[in-house]
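Below: one structure, written as structure tokens.
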Amino acid sequence: MRLAFSIALRFLKSGKGQTILIALGISVGVAVQIFIGSLIQGLQISLINTTIGSSSHITITSENDSKTIKNWERTMYESAISSPNITYISPSIDGPASINYDNESASVLIRGFLLEDGDKIYKFKDNLYEGRFPAKTGEAMIGKDLAIKSNTRVDDDISLITTSGRVYRIKITGLFDLGVSSVNDSWIVTDLETAGDILSIDGISSVEMQVDEVFAADSIAKDVQYTVSGEDLKVDNWKDLNASLLSGLNGQSVSSYMIQVFVLVSVLLGISSVLAISVVQRSKQIGILKAMGIKDKDASLIFVFQGLMLGVLGAILGVGLGIGLLKMFTTFALNPDGKPVVPIYLNGGFVGLSGLFAVLTSSIASLIPARITSRLNPIEVIKNG
Amino acid sequence: MGNIVELKNINKIFGEKIQTQVLFDINIAFEENTFNSIIGESGSGKSTMLNIMGTLDKPTSGEVYIGGKRTDTLNKEDLAVLRNQIIGFIFQFHYLLPEFTAKENVLMPYRIKNYKVPKEIDQWADELLNFVGLSKVANNKATNMSGGQQQRAAIARALINKPRIILADEPTGNLDSETTENVYSILRNINADFNTTFIIITHDQRIAEKTDRIVEVKDGKINLDVRKAEKY
Ligand SMILES: Nc1ncnc2c1ncn2[C@@H]1O[C@H](COP(=O)(O)OP(=O)(O)OP(=O)(O)O)[C@@H](O)[C@H]1O
Ligand SMILES: [Mg+2]
């Protein structure tokens, strides 16, 4: 066993050029895998972040006539304890209204939150580009697009006309840009009390939540549904509402796996063919060793060890190369604003797994040459010089 | 004296579709501690016979005994152990492992048996290298040695495990006459010092005449078997 290892090492050392070539071949495979895998994971994560990062993952609404949740403090409490995966939770009062400016009018969506809680979900503060966060009743913030088209500035008052025809003046303290035009164009964000007052809603419209595992939102939603006790409550989650996005992501994942499998297969074929050639090259040596009494098993092990060592070498080089490629990509392929074109997501576990796969693949690849070796009869070598 | 190698009714046929019989009903035995030569025309079956004795090849029919033990029925594992410990091979083409130094080559049969080389075996390897006049090139890679040096290294290698029998197939086939003399005197000394049995195939009539027994193979049969009077 140890002899097989030391012979394998010597064979690799004495065929340096070939050894380096195979190791490079493996490392390119590993690097491509790490690069593509990280790229696609990065794409998916950024897509999910922009899509649902600043929105409610699970929403409880009421299906009764008034569409309001009366006993909402209890619903909030029950939701919060229903699953440890729920990170943020906020009540919300929503309703339509319109504003007049110049000679036009625009429909808007009034959104009232417990502002500090709502902010954790929607990140208004982080995206407030002018003014300040509303501090008391009668204050609100609006989105960038709405501010521009209605020519509203910080500290202006605007008049909201509700569906029942009432007019309500509200003071704008800040302008935000969440990067989603439908939000920027229509939301008027204020506290629960103000929203309830404007819309004459007794209770709240919904409870909104974010969870730590976005892809588990559906199963967490089930836990919520199970725990909340109010009548007529309906629990929705983002996955049910975004089926087409999800199937897109799935397709992307599948094609990413396909690429990775093909890379693996080509690494496997490459290594096993090169190792098979190296068995032929070394058949004389194997013949001599067998004539001297090396056991078939140990002779085969020489090539298994070669495969293993080449795999480890290739994996180390490949991880270096892959990470180097990613670094280069994020350093040089930039948008005008200095952010990378594609945000790369470097996952240590995935990188480790790619390396491990290379080692495993090389070991498997060495089984064919090992088998050839085991069958080699020393007499063939001794007779044919 | 007991027989160290014995062939009983050995037949060897090569090929499946086109069959060529190379050995015909060979019966021969070699005693311990003797120095024997096998001669014969090219293609007469000498190497085939030697390879069967050395368990590298299997007879089509007949029995092979080494040290009184039947070997043609042993499995591959047991044969490997037998080749490693009882038999030493010297081939016509030197067959050193080119990736290893002379000394590493000499130690290889020992390391096949036992990976760790104890001090006394390391010294024994040095002694053998000295014995065949290779102390100076002990750490040269096999590829950096002359043909005669490689052949002598192969002889030292055949001896490292102190085998009871050495099978040599034209060990001086491609050496000049002075080196040939040199190699034979080494083999003779080993035979005297370590009581090793030698069976040597040679084309060289002068060398054959110096051995204790000459066996001539002709068309796959033992044609002549001459022993020197003083040895027997
Ligand atoms: N695998 C094989 N298939 C068919 N015929 C074979 C095979 N191996 C050897 N032979 C034949 O067996 C005969 C004996 O071969 P062998 O090598 O024993 O001869 P030899 O006496 O050692 O000759 P040389 O002195 O040239 O080495 C030859 O005619 C050879 O062609
Ligand atoms: Mg021959």
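Model label sites at B:R227 and A:S66, defined 7 Å from Cα along the beta-carbon direction, differ in position by 12.4 nm.
Among A:S182, A:S46, A:S27, the residue with the largest mean-square fluctuation in a Gaussian network model of chain A, with springs joining Cα atoms closer than 10 Å, is A:S182.
If R0 is 35 Å, the Cβ-Cβ spacing of B:E63 and A:V280 corresponds to a FRET efficiency of close to 0.50. With the helix formula -39500 (n - 2.57) applied to DSSP H stretches of n ≥ 4, chain A reaches a computed 222 nm mean residue ellipticity of -18500 deg cm²/dmol. Using the rule -39500 (n - 2.57) for each DSSP H run of four or more residues, divided by the residues of chain B, the 222 nm mean residue ellipticity is -10500 deg cm²/dmol.
The range A:82-150 and the range A:310-385 have Cα centres separated by 50 Å. Exposure proxy shown here: for B:W124, A:W187, the number of other Cβ atoms within 10 Å sets the order, fewest to most, as B:W124, A:W187.
Each listed q (0.10 Å⁻¹) maps to a log10 I(q)/I(0) for the range B:112-201, found by the Debye formula over equal Cα scatterers with no solvent: -0.25. DSSP beta bridges confined to the protein assembly as shown are antiparallel in about 70 percent of cases. FRET efficiency for the pair A:I259 and A:S6, taken as 1/(1 + (r/R0)^6) with r the Cβ-Cβ distance and R0 = 41 Å, rounds to 0.60.
Peptide A:291-302: average number of partner chain Cβ atoms within 10 Å per residue?
6
Of the DSSP H helices in chain A, those with a Cα length along their own long axis of 20 Å or more and a mean Kyte-Doolittle hydropathy reaching 1.0 comprise A:16-48, A:243-281, A:296-332, A:348-365.
At 1.567 mPa s and 4 °C, plugging the Kirkwood radius over alpha-carbon pairs of the range A:305-385 into Stokes-Einstein gives what diffusion coefficient in µm²/s? Before the final figure, lay out the partial values.
Details: Rh = 15.7 Å.
Using the Kirkwood radius from Cα pairs, D works out to 82 µm²/s.
Taking one quarter of the surface of the C-alpha convex hull of the range B:3-227 gives a mean projected area of 12.4 nm².
For chain B, find the longest principal axis of its Cα atoms and tell me its angle to the long axis of helix B:76-85, 0 to 90°, nearest 10. Value to nearest ten degrees: 60. Going from the residue with the fewest nearby Cβ atoms within 10 Å to the one with the most, A:K144, A:K234, B:K46 rank A:K234, A:K144, B:K46. Between B:K210 and A:I36, the FRET efficiency estimated from the beta carbon spacing at R0 = 51 angstrom works out to 0.10. Relative to the dominant Cα principal axis of chain B, helix B:177-194 is inclined by about 90°.
Taking 7 Å steps out from each Cα toward its Cβ at A:E213 and A:N151 produces label points 5.4 nm apart.
Under a Gaussian network description of chain A, with springs only between Cα atoms under 10 Å, the residue in A:L241, A:L128, A:L308 that fluctuates furthest is A:L241. Among bridges DSSP assigns within the range A:64-231, what percent are antiparallel (round to 5)? Beta bridges within the range A:64-231, antiparallel portion: roughly 75 percent. Take every DSSP beta bridge whose two residues both sit in the range B:3-227; close to 55 percent of them are antiparallel. In the P(r) worked out for the protein assembly as shown, what percent of Cα pairs fall beyond 41 Å? Here the tail beyond 41 Å accounts for 54 percent of pairs.
Within the listed set A:S90, A:S278, A:S362, the residue fluctuating most in the Gaussian network model of chain A (springs between alpha-carbon atoms under 10 angstrom) is A:S278. Volume per residue for the range A:64-231 equals 115 cubic angstrom (convex hull of Cα atoms).
A short reminder: the numbers here are calculations on the coordinates, not readings from a lab. Since this is a predicted model, take the numbers as computed values, not measurements. Neighbour counts are summed over all protein chains in view; Cβ atoms, including those assigned to glycine, are modelled from backbone coordinates with ideal geometry.
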